[in-house]
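This report concerns only the one structure given below.
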Amino acid sequence: MVELHGFLSDESPTPGVAAHPGQGTKVPLYILGSSLFGARLAAQLGLPYSFASHFAPAMLHQAAQEYRADFDPQGPLAPPNATPWFIAAANVIVSDDDADAVEQRRLAEDRWLRDFLSRGGSTRSDEDLRAARQHPQGQQLLSMLDCTFSGTQSQVERGLDGFASQVQADELILVNMAVGEERKRRTLELLAPAPR
């Protein structure tokens, strides 16, 4: 990370090596991680930290706490006047009605299970997926989606507000988990702020 920071600054850390077109851009760096290591590293360096809670929620709360508690505003990569900046990721599925939201969530979970259980080439049948939901391994895979908010626009907005408040997130990154192009587009239409 320190080396990357150097390549984006005005002077390369390695004589004779220049990053094009990055040199001199001073692009702000963020650390994305799904573990306590990433949170600790970001805090030590004085950088913003984004936690991949959309698929690895188990350590989210501890990572947020440790990052804020250990943040070093004088870290080697900290910008001037650095303060902690914690970003949490969440999956979203927004529908016009409850029944469609429930169906979309089931389809997204089925796709998640199928992607994990079909590694190696074999496709899982709907019957296999129903059985997987009851199996400890399938339940563990679905628990990776604990930071998923599905429902109507108002339900998802309330869920995201509560989520951000609970982990004291300064920012959220959202992953559209709706299945199919039309449903993905509708999720974006319902969740995007109205034009001003």
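With only the Cα atoms considered, the range 27-74 has a convex hull volume of 58 Å³ per residue. What distance in nm separates the simple spin-label points at Leu29 and Ser118, each placed 7 Å from Cα in the Cβ direction? Label at Leu29, label at Ser118, 3.9 nm between them.
The mean accessible area for residues of the range 101-196, using a 1.4 Å probe and ignoring ligands and nucleic acids, is 64 Å² per residue.
In what order, largest first, do His54, His135 sit by accessible area if the probe radius is 1.4 Å?
His135, His54
Note on Asp96 and Gln65: the extension gain reaches 7.6 nm, defined as 0.36 nm multiplied by sequence separation minus the Cα-Cα distance. By definition, a body whose alpha carbon gyration tensor gives a ≥ b ≥ c is prolate when a/c is 1.5 or more and a/b is larger than b/c, and the range 115-177 fits this prolate description. How many percent of all Cα-Cα pairs in the range 44-129 sit more than 15 Å apart? Cα-Cα pairs in the range 44-129 separated by more than 15 Å: 70 percent.
Sorted largest first by accessible area at a 1.4 angstrom probe radius, with every protein chain in place, the residues Glu182, Glu109 fall in the order Glu182, Glu109.
The values are calculated or read from the model by the stated rules, or taken from the named source; none is laboratory data. Worth saying up front: this structure is predicted, and the values here are computed from it rather than measured. Quick reminder, even Gly has a Cβ in these numbers, built from the backbone with ideal geometry, and neighbours come from all protein chains shown. Remember, those area values only see protein heavy atoms, side chains included, never the ligands or the DNA or RNA. Shrake-Rupley method; radii C 1.70, N 1.55, O 1.52, S 1.80 Å.
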